[in-house]
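Data block below; observations after.
The values are calculated or read from the model by the stated rules, or taken from the named source; none is laboratory data. From a predicted model like this one, the values you see are computed outputs, not experimental measurements. Note that we place each Cβ from the backbone using ideal geometry, even for glycine, and neighbour counts take in every protein chain shown. For accessibility, only protein heavy atoms count, side chains too; no ligands or nucleic acids. Shrake-Rupley method; radii C 1.70, N 1.55, O 1.52, S 1.80 Å.
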Amino acid sequence: MPAPAWLLLLACLPWWLDLPLLLACVLALLWRTGSLQAQARLLRLGLRWGLPGLLLALLRAFGADALAWLLTLLAALAGFSLLVLLENWLDRGRPREPSPAAAGEWPELAMAPIGPAAAIIELQPPQWRALAESLADPLGGELRWRDATLQLADGSRLDGVEPRCDFAVDGRWLALPLAGQHGLLLLDRGRGRRHRLRGWQLAGWYEGQPWLSRDEERMPLAIAHVLGRDEDD
(Lines give C-alpha, C1' and ligand atoms only; values in the text may rest on other atoms or scores of the structure.)
Protein backbone atom coordinates (compact mmCIF):
# COMPACT_ATOMS: atom_id res chain seq x y z
CA MET A 1 0.00 0.00 0.00
CA PRO A 2 2.76 2.62 0.68
CA ALA A 3 3.96 2.54 -2.95
CA PRO A 4 0.53 3.21 -4.58
CA ALA A 5 -0.16 5.83 -1.89
CA TRP A 6 3.12 7.55 -2.78
CA LEU A 7 2.13 7.53 -6.46
CA LEU A 8 -1.28 9.05 -5.72
CA LEU A 9 0.27 11.68 -3.46
CA LEU A 10 2.64 12.86 -6.19
CA ALA A 11 -0.17 12.78 -8.74
CA CYS A 12 -2.23 15.14 -6.55
CA LEU A 13 0.65 17.51 -5.74
CA PRO A 14 1.85 20.13 -8.28
CA TRP A 15 4.57 18.82 -10.54
CA TRP A 16 6.98 21.55 -9.41
CA LEU A 17 6.81 20.00 -5.92
CA ASP A 18 7.13 16.42 -7.18
CA LEU A 19 10.28 17.11 -9.16
CA PRO A 20 12.39 18.28 -6.16
CA LEU A 21 11.22 15.26 -4.15
CA LEU A 22 12.35 12.84 -6.83
CA LEU A 23 15.63 14.70 -7.32
CA ALA A 24 16.20 14.40 -3.58
CA CYS A 25 15.80 10.63 -3.87
CA VAL A 26 18.33 10.58 -6.72
CA LEU A 27 20.85 12.62 -4.70
CA ALA A 28 20.34 10.37 -1.68
CA LEU A 29 21.11 7.30 -3.83
CA LEU A 30 24.20 8.89 -5.35
CA TRP A 31 25.65 10.09 -2.04
CA ARG A 32 24.21 7.45 0.28
CA THR A 33 26.14 7.12 3.53
CA GLY A 34 25.30 5.81 6.95
CA SER A 35 21.58 5.33 7.44
CA LEU A 36 20.82 6.12 3.79
CA GLN A 37 22.75 3.01 2.77
CA ALA A 38 20.11 0.83 4.45
CA GLN A 39 17.28 2.79 2.79
CA ALA A 40 18.56 2.32 -0.77
CA ARG A 41 15.80 -0.15 -1.65
CA LEU A 42 13.08 2.19 -0.40
CA LEU A 43 14.63 5.08 -2.33
CA ARG A 44 14.60 3.02 -5.52
CA LEU A 45 10.97 2.07 -5.00
CA GLY A 46 10.20 5.73 -4.38
CA LEU A 47 11.69 6.63 -7.76
CA ARG A 48 9.96 3.78 -9.62
CA TRP A 49 6.53 4.65 -8.23
CA GLY A 50 7.11 8.37 -7.99
CA LEU A 51 7.94 8.90 -11.65
CA PRO A 52 4.43 7.82 -12.83
CA GLY A 53 2.98 10.19 -10.18
CA LEU A 54 5.04 13.05 -11.59
CA LEU A 55 3.83 12.25 -15.10
CA LEU A 56 0.19 12.27 -13.95
CA ALA A 57 0.79 15.62 -12.24
CA LEU A 58 2.23 16.99 -15.49
CA LEU A 59 -0.74 15.74 -17.48
CA ARG A 60 -3.14 17.22 -14.95
CA ALA A 61 -1.34 20.57 -15.01
CA PHE A 62 -1.14 20.94 -18.78
CA GLY A 63 -4.62 19.61 -19.55
CA ALA A 64 -5.69 16.52 -21.44
CA ASP A 65 -5.24 17.87 -24.96
CA ALA A 66 -2.97 16.37 -27.61
CA LEU A 67 -0.03 18.65 -26.79
CA ALA A 68 -0.20 17.70 -23.11
CA TRP A 69 -0.18 13.99 -23.96
CA LEU A 70 2.80 14.51 -26.29
CA LEU A 71 4.79 16.38 -23.62
CA THR A 72 3.90 13.75 -21.02
CA LEU A 73 5.02 10.89 -23.28
CA LEU A 74 8.30 12.64 -24.00
CA ALA A 75 8.82 13.21 -20.30
CA ALA A 76 8.04 9.53 -19.61
CA LEU A 77 10.57 8.39 -22.22
CA ALA A 78 13.28 10.63 -20.80
CA GLY A 79 12.43 9.85 -17.18
CA PHE A 80 12.37 6.08 -17.44
CA SER A 81 15.53 6.06 -19.57
CA LEU A 82 17.34 8.06 -16.90
CA LEU A 83 15.96 5.76 -14.21
CA VAL A 84 17.30 2.68 -16.00
CA LEU A 85 20.71 4.31 -16.43
CA LEU A 86 20.76 5.26 -12.74
CA GLU A 87 19.95 1.73 -11.56
CA ASN A 88 22.52 0.18 -13.90
CA TRP A 89 25.14 2.57 -12.59
CA LEU A 90 24.23 1.79 -8.97
CA ASP A 91 24.51 -1.96 -9.68
CA ARG A 92 27.80 -1.71 -11.54
CA GLY A 93 29.80 -3.36 -8.75
CA ARG A 94 27.33 -6.11 -7.89
CA PRO A 95 28.39 -9.59 -9.08
CA ARG A 96 26.00 -11.19 -11.51
CA GLU A 97 24.82 -14.79 -11.16
CA PRO A 98 26.04 -16.96 -14.03
CA SER A 99 23.37 -18.15 -16.40
CA PRO A 100 22.74 -21.91 -16.67
CA ALA A 101 24.19 -21.91 -20.18
CA ALA A 102 27.45 -20.35 -18.92
CA ALA A 103 27.73 -22.60 -15.88
CA GLY A 104 29.71 -25.27 -17.76
CA GLU A 105 32.51 -25.06 -20.26
CA TRP A 106 31.64 -25.24 -23.91
CA PRO A 107 33.04 -28.80 -24.41
CA GLU A 108 30.67 -30.08 -21.72
CA LEU A 109 27.76 -28.28 -23.32
CA ALA A 110 28.69 -29.55 -26.76
CA MET A 111 28.90 -33.15 -25.56
CA ALA A 112 25.75 -32.99 -23.44
CA PRO A 113 22.98 -35.32 -24.65
CA ILE A 114 20.04 -33.65 -26.36
CA GLY A 115 16.65 -35.29 -26.08
CA PRO A 116 15.98 -38.88 -25.09
CA ALA A 117 18.64 -41.50 -25.68
CA ALA A 118 18.25 -43.41 -28.93
CA ALA A 119 17.44 -47.10 -28.75
CA ILE A 120 18.89 -49.59 -31.23
CA ILE A 121 16.23 -52.11 -32.22
CA GLU A 122 17.59 -55.49 -33.23
CA LEU A 123 14.92 -57.83 -34.52
CA GLN A 124 15.08 -61.52 -33.81
CA PRO A 125 14.45 -63.18 -37.19
CA PRO A 126 11.47 -65.50 -37.41
CA GLN A 127 12.09 -69.21 -36.83
CA TRP A 128 9.44 -70.89 -38.91
CA ARG A 129 8.43 -74.29 -37.61
CA ALA A 130 6.86 -76.84 -39.88
CA LEU A 131 3.45 -78.06 -38.80
CA ALA A 132 3.53 -81.82 -39.20
CA GLU A 133 0.94 -83.83 -37.39
CA SER A 134 1.53 -82.01 -34.09
CA LEU A 135 3.65 -79.26 -32.56
CA ALA A 136 4.05 -78.32 -28.90
CA ASP A 137 2.48 -75.00 -27.93
CA PRO A 138 4.54 -72.78 -25.53
CA LEU A 139 1.31 -71.97 -23.69
CA GLY A 140 0.48 -75.64 -23.25
CA GLY A 141 -1.11 -78.30 -25.40
CA GLU A 142 -0.39 -79.03 -29.04
CA LEU A 143 -1.04 -77.60 -32.48
CA ARG A 144 -2.36 -80.22 -34.89
CA TRP A 145 -2.30 -79.99 -38.70
CA ARG A 146 -4.79 -82.16 -40.53
CA ASP A 147 -6.50 -81.81 -43.89
CA ALA A 148 -5.02 -78.31 -44.56
CA THR A 149 -6.52 -77.11 -41.30
CA LEU A 150 -4.74 -76.07 -38.12
CA GLN A 151 -6.32 -77.08 -34.85
CA LEU A 152 -5.22 -74.99 -31.85
CA ALA A 153 -4.78 -76.29 -28.34
CA ASP A 154 -8.15 -74.83 -27.31
CA GLY A 155 -9.90 -76.78 -30.07
CA SER A 156 -10.48 -73.86 -32.48
CA ARG A 157 -9.55 -74.30 -36.15
CA LEU A 158 -7.79 -72.09 -38.68
CA ASP A 159 -8.18 -72.40 -42.44
CA GLY A 160 -6.35 -70.68 -45.26
CA VAL A 161 -2.90 -70.76 -43.66
CA GLU A 162 0.34 -72.46 -44.58
CA PRO A 163 1.64 -75.44 -42.55
CA ARG A 164 4.28 -73.41 -40.70
CA CYS A 165 4.21 -70.99 -37.79
CA ASP A 166 6.32 -69.01 -35.35
CA PHE A 167 5.80 -67.99 -31.73
CA ALA A 168 6.85 -64.96 -29.71
CA VAL A 169 9.30 -65.66 -26.89
CA ASP A 170 6.53 -65.70 -24.28
CA GLY A 171 4.12 -67.51 -26.60
CA ARG A 172 1.58 -64.67 -26.57
CA TRP A 173 1.74 -64.10 -30.32
CA LEU A 174 1.34 -66.82 -32.93
CA ALA A 175 2.21 -65.98 -36.54
CA LEU A 176 1.11 -68.01 -39.57
CA PRO A 177 1.57 -67.09 -43.25
CA LEU A 178 -1.63 -66.96 -45.23
CA ALA A 179 -1.95 -69.49 -48.00
CA GLY A 180 -0.71 -68.27 -51.36
CA GLN A 181 1.76 -65.76 -49.90
CA HIS A 182 -0.96 -63.12 -49.58
CA GLY A 183 -0.20 -61.95 -46.06
CA LEU A 184 0.03 -62.95 -42.44
CA LEU A 185 -2.32 -64.17 -39.74
CA LEU A 186 -1.40 -62.96 -36.25
CA LEU A 187 -3.07 -64.36 -33.14
CA ASP A 188 -2.83 -62.17 -30.05
CA ARG A 189 -3.58 -64.93 -27.60
CA GLY A 190 -3.20 -62.66 -24.60
CA ARG A 191 -6.27 -60.70 -25.73
CA GLY A 192 -7.98 -63.36 -27.77
CA ARG A 193 -7.74 -61.37 -31.02
CA ARG A 194 -6.95 -62.37 -34.61
CA HIS A 195 -5.39 -60.03 -37.16
CA ARG A 196 -5.51 -61.08 -40.82
CA LEU A 197 -3.03 -58.72 -42.49
CA ARG A 198 -3.01 -58.76 -46.27
CA GLY A 199 0.26 -57.79 -47.93
CA TRP A 200 2.35 -57.98 -44.73
CA GLN A 201 5.05 -60.41 -43.75
CA LEU A 202 6.78 -61.15 -40.45
CA ALA A 203 10.15 -59.34 -40.32
CA GLY A 204 11.07 -60.44 -36.78
CA TRP A 205 10.40 -60.11 -33.06
CA TYR A 206 11.40 -57.41 -30.59
CA GLU A 207 10.57 -57.53 -26.88
CA GLY A 208 7.86 -60.09 -27.53
CA GLN A 209 6.14 -57.99 -30.21
CA PRO A 210 5.95 -58.81 -33.93
CA TRP A 211 7.44 -56.39 -36.45
CA LEU A 212 6.06 -56.47 -39.97
CA SER A 213 7.16 -55.27 -43.39
CA ARG A 214 5.70 -55.06 -46.85
CA ASP A 215 8.85 -56.42 -48.47
CA GLU A 216 12.56 -56.76 -47.76
CA GLU A 217 13.36 -53.28 -49.12
CA ARG A 218 11.04 -51.42 -46.72
CA MET A 219 11.68 -50.66 -43.09
CA PRO A 220 9.86 -52.95 -40.64
CA LEU A 221 7.12 -51.47 -38.47
CA ALA A 222 5.91 -52.46 -35.02
CA ILE A 223 2.53 -54.13 -34.78
CA ALA A 224 1.16 -51.01 -33.05
CA HIS A 225 1.89 -48.90 -36.14
CA VAL A 226 0.48 -51.48 -38.51
CA LEU A 227 -2.77 -51.78 -36.57
CA GLY A 228 -2.97 -48.00 -36.09
CA ARG A 229 -3.22 -48.09 -32.30
CA ASP A 230 -1.04 -48.65 -29.26
CA GLU A 231 -0.61 -52.22 -28.11
CA ASP A 232 -0.30 -52.68 -24.36
CA ASP A 233 2.36 -55.08 -23.07
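Among the residues making up the stretch 1-20, a single one is surrounded by fewer than 12 Cβ atoms within 10 Å (Cβ to Cβ) and assigned to a loop (DSSP other than H, G, I, E, B): Met1.
Can you find, within the stretch 169-203, the residue that is modelled with the highest pLDDT among those that are within 22 Å of Arg218 (Cβ to Cβ) and in a loop (DSSP other than H, G, I, E, B)?
Residues of the stretch 169-203 that are within 22 Å of Arg218 (Cβ to Cβ), as a first pass: 173, 175-178, 180-186, 195-203.
Narrowing the set further to residues that are in a loop (DSSP other than H, G, I, E, B) leaves 180-182, 199-200.
Details: Gly180: 80, Gln181: 73, His182: 80, Gly199: 88, Trp200: 91.
Top of the filtered list is Trp200.
When you look at Trp145, is it open to solvent by less than 70 Å² (accessible area, probe 1.4 Å), more than 29 Å from Ile120 (Cα to Cα), part of a strand (DSSP E or B) and of a type outside the set (A, V, I, L, M), yes or no? Write out each step before concluding.
Values: open to solvent by less than 70 Å² (accessible area, probe 1.4 Å): yes; more than 29 Å from Ile120 (Cα to Cα): yes; part of a strand (DSSP E or B): yes; of a type outside the set (A, V, I, L, M): yes.
So Trp145 fits the description; yes.
Here Leu58 passes the criteria (1) over 46 Å from the mean Cα position of the chain (by Cα); (2) at pLDDT 80 or above; (3) open to solvent by 30 Å² or more (accessible area, probe 1.4 Å) except the one numbered (3).
Please state which one of Gln127, Gln151 is under 17 Å from Leu212 (Cβ atoms) and open to solvent by 50 Å² or more (accessible area, probe 1.4 Å).
Details: Gln151 fails: under 17 Å from Leu212 (Cβ atoms).
Residue meeting the stated conditions: Gln127.
Could you grab the pairs with beta carbons closer than 7 Å, sequence gap of 6+ or different chains, first residue in the stretch 164-192 and closer than 20 Å to Glu142 by Cβ, second one of a type in the set (A, V, I, L, M) and surrounded by fewer than 17 Cβ atoms within 10 Å (Cβ to Cβ)? Matching pairs, first to second residue: Arg164/Ala130; Gly171/Leu139; Arg189/Leu139.
Of all residues in the stretch 39-62, those that are among the aromatic types (Phe, Trp, Tyr) have Cβ atoms under 8 Å from Cβ atoms of residues that are part of a helix (DSSP H, G or I), 6 or more apart or on another chain, in Trp49/Ala3; Trp49/Pro4; Trp49/Trp6; Trp49/Leu7; Phe62/Ala68; Phe62/Leu71; Phe62/Thr72.
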